[in-house]
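Structure, as structure tokens:
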Amino acid sequence: MQTCQADKLQDEKEGTDVVRQWRFEVFNRSGFPDVHGGQVLEDIKELGISSVEAVQSARVYLIEADFEEGFAQRVGRELLTDPVCEQHYIGRSGAPAGLARATLIEVHLKSGVTDPVAESVMTAIADMGVKAKHVRTARKYVLLGEISTSQADTIAKKILANDCIEDVVIGDEAEPPSPHLKPYELNLVHWPIRELDDDGLVALSKEKDLFLNLVEMQTIQKHYQELGREPTDVELETLAQTWSEHCVHKTLKSSVDMTVDGEQIHFDNLLKETVFKATEQLGKEWCISVFADNAGVVEFDEDSAICFKVETHNHPSALDPYGGSATGIGGVIRDPMGTGLGARPIANTDIFCFGEPDKKLEDIPKGVLHPRRIMKGVVAGVRDYGNRMGIPTVNGAIYFDDRYLGNPLVYCGNIGIMDKSKCFKNPQSGNLIVMVGGRIGRDGIHGATFSSGQMTHEHETVFSHAVQIGNPITEKKMLDVLVQANEAGLYEAITDCGAGGLSSAVGEMGQNLGAEVDLEKAPLKYAGLSYTEIWISEAQERMVVAVKPENLAAITKIFDDENVESTVVGRFTDDKKLRLRYNGELVGELDMEFLHEGVPKYSRKALWVSPKLTEPSLPEKDNYNDELLQILSSYNVASKEWVIRQYDHEVQGGSVVKPLMGVANDGPSDAAVIRPKFDSDRGLAISCGMNPVYGDIDPYWMALAGIDEAIRNIVCVGAQPDRIALLDNFCWGDCTKPETFGPLVRAAQACYDGAMAFGAPFISGKDSLNNEFACEDGTTISIPSTLLISAISMVDDVNKCVTMDAKKAGNLLFVVGETKNELGGSHYYKIKGHSGANVPKVDLGMAPRIARGISRAIAGSVVVSCHDCSEGGLAVALAEMAFAGGLGIEADLRGLPASKDCSRTDAQLFSESNSRYVVEVEPDKYDAFAKLMLNLPFGQIGKITDQKTLLIREEDGTPVVEADIDSLKQAWQKTFDW
Amino acid sequence: MAEVRAVVLRAAGINCDMETEHALELAGAEAKRVHINKIIADKSSLDDYQILVFPGGFSYGDDVAAGKILANQVMHHLREAVRKFIDDGKLVLGICNGFQVLVKAGILPGATNGESQTASHDSRVTITYNDSGKFEDRWVYLAPQTDRCVFIEPGRQIYLPIAHAEGKVVTREPAALEELKSERHVAFKYVDKDGKEGDYPVNPNGSTDSIAGLTDTTGRVLGLMPHPERFVRPTQHPHWSRLEGEADGDGMTIFNNAVKYARENL
């Protein structure tokens, strides 16, 4: 234990209180590895700076409290320091003497950014008997070795800190000042709009970051001209949030004039005439609530319902990968929690799109983080939030394409379970508006509007306030008490404070009633927030419940008992007005109808011109081992075990088909299955499908391929084909451009056709537009048109589920579904540097029949393993089955059901034709299987062997692939062996 | 037959309480999940139970260090109550985060001088970051090392999942490790399928001497990093679809033994 070397105590005046700030530094003891420091050193080497020899990391705690040295030593020893591995130092330790040149770097959270550790330390010091006034935490790094100032700066910026949320102090300087902020004094602000001309309206929208276009601004102007007054700032902000693309999806609901290769088609409301229409026409009785609430709700069993929502958090994740993805998953978890009267979250899904992680630093546009850093940060954010919430992350995918460099995509999904009798809200006039959970800070202001705009190289600085910081434990505590309050029936309605914060939560819940809110009552993280900031802040981990006055005491007790803060901030009225007050003074009054129905209807132009594409002419080869190995190790196909294992996929004890299965627990499952109720063997299967590269050829077939893939995956594990519910998540570029919007319209048309063909309704969806990055040089990188299809279905008996790993030597192997000459957009073409033209199509008559056939065979227990053919085609599917089972496969392409134009060996091996399944059947089940496959395209292509070799012969019997399964597996695993 | 009652402690960030309660019920106990605030408010309520379980999760976000803040809370509010619980001959189980709490509160490995607890800051054993530097969910084989611990079936190797970022057991100096061994505190070691110790991933976190779990001098307190409550039925096994005729999950042995002991002795 080191003693206080110098009196570094800092007095700080705030009012009349004089509080000491104690500074603690906690280092590892010598002999105990500094894991974090080691990781930083690795990252520095990766950055190309070789002169740093070692990195020492330390945690720093700045505690303002009136305690004496003796107690400070106790706090250091008993609370902040591990007795075995660590030692603490009170005050500021200098550079270690007698060593190489040392550079000290400290990373502090910017003022106002949530500091969850500080909150826990406050609690713990209170447990020790003293109340601390304020706690802040920081990280300290001692870099040993000769580095220049600019190198230190680079290390700080690229590795140690994120400018959006953190401040860096280099050298032995004082820490940034403590964020004690002055209380806010009411200053009612009007933003005059009535007299502005069009330029003025556009300028006002831009200046205030409203992201409202001219037509919308004119509509608002007219409304206030009619009212005969000017709007206040909070009124315009509320309108901007409520009318944002993020919240109302005005593009997808617009009327569309589309030109398809010269022909005109028209939609009055795109979404209603495509995605919604299929759901309506299918009219499945098991759909309980679709496209209405925070998540889509379907029946699970007699008593329970399942709800599912997938959201994107793209722009925040580009700025702050860790915080962005963490709040992405944290936010989507609150969707099921805020659906109906609240569901209990039971599974997470995560799908990401990044630039390829081996990019050179100099090839990264300004204002963009390196894709490897984005990927590591995004994975860590989802990991830390999902794991801490105790929700298993069971399904996911990662897709790489350099067009995601400036604008990565982060899809986060959550599934919840709820009582069937509690699927609808019923807020009533006179109900109290109670805010539960975290406090409000300046984090996440303008998130909804920001996410609806285009990213630029300046966003890093301009929109740092849009980044939110999550605290999963606050959310978990809130979940724990809300479940109890729900069971006790103590509230009438619930919704989350998502995009738009209180503004959207209260605005939506009170849409048909009216509401009045006293903004000064809302609890704040720190003083100084204006009424507008309180109203629109997207500070995380908050929900709003509508409570009858007579239930207030009971519900408050449930919250209080577990230290969850709740506050009555207003009440629902019956005059259809939204009234905002601050200390009794009216600061905003909006007509609910204008707020929710006033957004102008759009008409948009869309254009689709079929691209003129050709197929490459590649020489045929005698052997395709190299191609198979190359595809297996390509980013999109390679094992994602590095990511999957960082997620807890088994918490809650319901896992049945885990993301990794097989003899060594490392084969890639097609879909996840969980058993959500302890007393029932009924299961829930979750899968997804996506292939943006097909969209470069034709987004219609891309969308159908995504639907077919999600359905294949879910059928492979044994889920019911007639209980599949789908979710759509469109991520697109700037849809005001007809040539960008056209592909979206085509994809939406495919959603209708696919849903109708498979009898699988869409139950929820979301779109994220303007996924573009404006580079400093004026060029724009638009993401490829990206449609994620997620699927859920039910499993009658989880004990009958099937996994993809080859089970036993001697078993027969079949391919069901026809292989066609469809190498367009394939991984085979990609490794050859081509894209091609023959994109995989879906035979909408045959595909559902095949899915049902496979499903019957699994239900009848005649299938022991089943794997879908997708990226990389048949060869990859066979390789994965073989190495996942630790067994060999002998296959003969003569048995492959292939179309007439698919005679080339490379096409048979690598074509990515849809609706194909590889199925393993025990020899004595041959007849039963063949009978079930009657009238479907299927063929026996080989058998499982104990030779540990994948052997594929072409039509004349010569081997075209012959590789031992260990080398195939190694190729597949080495890419992300990070 | 006497009813065995178990209490599963809840706290901010604890998240394995429901499946732990379920496992105890499968083993025949009457289990209840109770928030720590309730127990602190009425410490005598612990008298109603024979088994106290600290389940897994991320208590208080694992802020400062895994289990640290909850351990601090236990030390300052429940130290005597837990001591009495153990001294009364009852059972305490800590799983994952619960194990971290027991170690950081000085309850495990416990003092050797007959006391059931040691001052936490004098502890010579701790649990720290995995060598891999990251959270990992993977399955491990565990070989029991003691016949003193009532939760453990001697000689039966079991297969369970781990899911943690801080699971590496370390001692301050070699002598402390020797003492753990000589005093028979080591409950489980990570081994391979054939029962041999090994490097990563056999030993998933780099734990000293492959230690996966510890017991105290009474053998009635067990802490372990792996999750027995996550393998209580066959379809939880990571390749159940390849196996034939698997009985109860391996994790049930721990709960069954605890309930059996409590039923017969308490």
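So that you can scan it fast, the table gives a plain yes or no per residue for (1) surrounded by fewer than 17 Cβ atoms within 10 Å (Cβ to Cβ); (2) closer than 30 Å to residue A:586 by Cβ:
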| site | (1), (2) |
| --- | --- |
| A:145 | no, no |
| A:152 | no, no |
| A:160 | no, no |
| A:185 | yes, yes |
| A:240 | no, yes |
| A:246 | no, yes |
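Answer with yes or no whether residue A:636 is closer than 30 Å to residue A:835 by Cβ, in contact with a strand residue (DSSP E or B) (Cβ under 8 Å, 6 or more places away or on another chain) and open to solvent by 40 Å² or more (accessible area, probe 1.4 Å).
no
Any chance the stretch A:203-223 includes a residue that's free of Cβ contacts under 8 Å to residues at least 24 places away in the same chain, open to solvent by 60 Å² or more (accessible area, probe 1.4 Å), under 30 Å from residue A:521 (Cβ atoms) and of a type outside the set (Phe, Trp, Tyr)?
no
For the stretch A:678-693, check the following and say yes or no: at least one residue is within 14 Å of chain B (Cβ to nearest Cβ), of a type in the set (Phe, Trp, Tyr), within 24 Å of the chain's Cα centre (by Cα) and open to solvent by 10 Å² or more (accessible area, probe 1.4 Å).
Quick first cut of the stretch A:678-693, residues within 14 Å of chain B (Cβ to nearest Cβ) only: A:678-685.
Filter once more, keeping what is of a type in the set (Phe, Trp, Tyr): A:678.
Cutting the leftovers down to within 24 Å of the chain's Cα centre (by Cα) gives us none.
No, the stretch A:678-693 contains no residue that is within 14 Å of chain B (Cβ to nearest Cβ), of a type in the set (Phe, Trp, Tyr), within 24 Å of the chain's Cα centre (by Cα) and open to solvent by 10 Å² or more (accessible area, probe 1.4 Å).
Residues A:883, A:929: which one is touching a residue at least 12 places away in the same chain (Cβ under 8 Å), part of a helix (DSSP H, G or I) and out of contact with any Lys or Arg (no Cβ under 9 Å at 6 or more places or on another chain)?
A:929
Kindly indicate the residue of the stretch B:35-67 that is touching a His at 6+ places or on another chain (Cβ under 9 Å) and either assigned to a helix (DSSP H, G or I) or facing chain A (nearest Cβ under 8 Å) (or both) and also most open to solvent (accessible area, probe 1.4 Å) among those meeting that condition.
The qualifying residue most open to solvent (accessible area, probe 1.4 Å) is B:43.
Quick one: would you say residue B:14 is β-branched (Val, Ile, Thr) and either at positive phi or at the interface with chain A (Cβ under 10 Å from one of its Cβ atoms) (or both)?
Values: β-branched (Val, Ile, Thr): yes; either at positive phi or at the interface with chain A (Cβ under 10 Å from one of its Cβ atoms) (or both): yes.
The answer is yes for residue B:14.
Go through the stretch A:751-767 and report how many residues are surrounded by fewer than 24 Cβ atoms within 10 Å (Cβ to Cβ) and not in a loop (DSSP other than H, G, I, E, B).
The number of residues fulfilling the criteria is 6.
Is it the case that residue B:230 is of a type outside the set (A, V, I, L, M), within 21 Å of residue B:66 (Cβ to Cβ), open to solvent by 10 Å² or more (accessible area, probe 1.4 Å) and within 12 Å of chain A (Cβ to nearest Cβ)?
No.
Scan the stretch A:768-800 for residues that are assigned to a strand (DSSP E or B), open to solvent by less than 10 Å² (accessible area, probe 1.4 Å) and more than 15 Å from residue A:725 (Cβ to Cβ) and jot them down.
Once the filter is applied, which keeps residues that are assigned to a strand (DSSP E or B), open to solvent by less than 10 Å² (accessible area, probe 1.4 Å) and more than 15 Å from residue A:725 (Cβ to Cβ), the stretch A:768-800 yields A:772, A:773, A:786, A:787.
Is at least one residue of the stretch B:68-85 farther than 25 Å from residue A:559 by Cβ, touching a Leu at 6+ places or on another chain (Cβ under 9 Å), open to solvent by 10 Å² or more (accessible area, probe 1.4 Å) and within 12 Å of another protein chain (Cβ to nearest Cβ)? Quick ask: steps written out before the conclusion?
Kept after step one, since they are farther than 25 Å from residue A:559 by Cβ, are these residues of the stretch B:68-85: B:68, B:71, B:75, B:79-85.
From what's left, touching a Leu at 6+ places or on another chain (Cβ under 9 Å): B:68, B:71, B:81-82, B:84-85.
Okay, now just the ones that are also open to solvent by 10 Å² or more (accessible area, probe 1.4 Å), so B:68, B:81, B:84.
Right, trim to within 12 Å of another protein chain (Cβ to nearest Cβ) and you get B:68.
Yes, some residue in the stretch B:68-85 is farther than 25 Å from residue A:559 by Cβ, touching a Leu at 6+ places or on another chain (Cβ under 9 Å), open to solvent by 10 Å² or more (accessible area, probe 1.4 Å) and within 12 Å of another protein chain (Cβ to nearest Cβ).
Residue by residue through the stretch A:642-667, note down the ones that are open to solvent by less than 40 Å² (accessible area, probe 1.4 Å) and either of a type in the set (Val, Ile, Thr) or touching a Leu at 6+ places or on another chain (Cβ under 7 Å) (or both).
Scanning the stretch A:642-667 gives A:643, A:644, A:651, A:656, A:657, A:666, A:667.
Within the group B:153, B:183, B:179, which residue is farther than 23 Å from residue B:249 by Cβ, more than 13 Å from chain A (Cβ to nearest Cβ), acidic (Asp, Glu) and in contact with a strand residue (DSSP E or B) (Cβ under 9 Å, 6 or more places away or on another chain)?
Only one candidate passes the filter, namely B:179.
Determine, yes or no, whether residue A:306 is β-branched (Val, Ile, Thr) and more than 27 Å from residue A:732 (Cα to Cα).
Yes; evaluated as a whole, the condition is true for this residue.
Conditions (1) buried (at least 23 other Cβ atoms within 10 Å of the Cβ); (2) away from chain B (no Cβ under 14 Å); (3) assigned to a strand (DSSP E or B), marked per residue:
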| position | (1), (2), (3) |
| --- | --- |
| A:529 | yes, yes, no |
| A:539 | yes, yes, no |
| A:550 | no, yes, no |
| A:556 | no, yes, no |
| A:567 | no, yes, yes |
| A:586 | no, yes, yes |
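Please verify whether the stretch A:702-724 includes one or more residues that are in a strand (DSSP E or B), open to solvent by less than 10 Å² (accessible area, probe 1.4 Å) and either out of contact with any strand residue (DSSP E or B) (no Cβ under 7 Å at 6 or more places or on another chain) or of a type outside the set (Lys, Arg) (or both).
Scanning the stretch A:702-724, I find no residue that is in a strand (DSSP E or B), open to solvent by less than 10 Å² (accessible area, probe 1.4 Å) and either out of contact with any strand residue (DSSP E or B) (no Cβ under 7 Å at 6 or more places or on another chain) or of a type outside the set (Lys, Arg) (or both), so the answer is no.
Please note which strands (runs of 3 or more DSSP E) are completely contained in the stretch A:387-438 and include at least 1 residues that are of a type outside the set (D, E, K, R) and under 23 Å from residue B:134 (Cβ atoms).
It comes to A:393-400, A:409-419.
Examine the stretch A:68-89 for a residue that is assigned to a loop (DSSP other than H, G, I, E, B), over 23 Å from residue B:166 (Cβ atoms) and away from chain B (no Cβ under 14 Å), and state whether such a residue exists. Write out each step before concluding.
The initial filter retains those residues of the stretch A:68-89 that are assigned to a loop (DSSP other than H, G, I, E, B), namely A:68, A:81-85.
Narrowing the set further to residues that are over 23 Å from residue B:166 (Cβ atoms) leaves A:68.
After this cut, where a residue has to be away from chain B (no Cβ under 14 Å) as well, the list is A:68.
Taking every residue of the stretch A:68-89 in turn, at least one turns out to be assigned to a loop (DSSP other than H, G, I, E, B), over 23 Å from residue B:166 (Cβ atoms) and away from chain B (no Cβ under 14 Å).
What pairs come out if I take residues in the stretch A:106-121 that are within 8 Å of chain B (Cβ to nearest Cβ) and pair them with residues that are of a type in the set (Ser, Thr, Tyr) and outside any helix (DSSP H, G or I) whose C-beta lies under 8 Å away, six or more apart or interchain?
Final answer for the pair search is A:117/A:137; A:121/A:61; A:121/A:137.
Would you check if residue B:201 is open to solvent by 10 Å² or more (accessible area, probe 1.4 Å), within 20 Å of residue B:189 (Cα to Cα) and either hydroxyl-bearing (Ser, Thr, Tyr) or within 14 Å of chain A (Cβ to nearest Cβ) (or both)?
Against the criterion (open to solvent by 10 Å² or more (accessible area, probe 1.4 Å), within 20 Å of residue B:189 (Cα to Cα) and either hydroxyl-bearing (Ser, Thr, Tyr) or within 14 Å of chain A (Cβ to nearest Cβ) (or both)), residue B:201 qualifies.
Could you check residue B:32 against (1) away from chain A (no Cβ under 13 Å); (2) among the charged types (D, E, K, R); (3) assigned to a helix (DSSP H, G or I) and say which number it fails?
Going through the list (1) away from chain A (no Cβ under 13 Å); (2) among the charged types (D, E, K, R); (3) assigned to a helix (DSSP H, G or I), residue B:32 breaks only (3).
The values are calculated or read from the model by the stated rules, or taken from the named source; none is laboratory data. In this text, all values refer to a predicted model and were calculated from it rather than measured experimentally. All Cβ positions, glycine included, derive from the backbone under ideal geometry; neighbour counts span all protein chains shown. The protein model used for the area step is the full one, side chains on, heavy atoms only, and it has no ligands, DNA or RNA in it. Shrake-Rupley method; radii C 1.70, N 1.55, O 1.52, S 1.80 Å.
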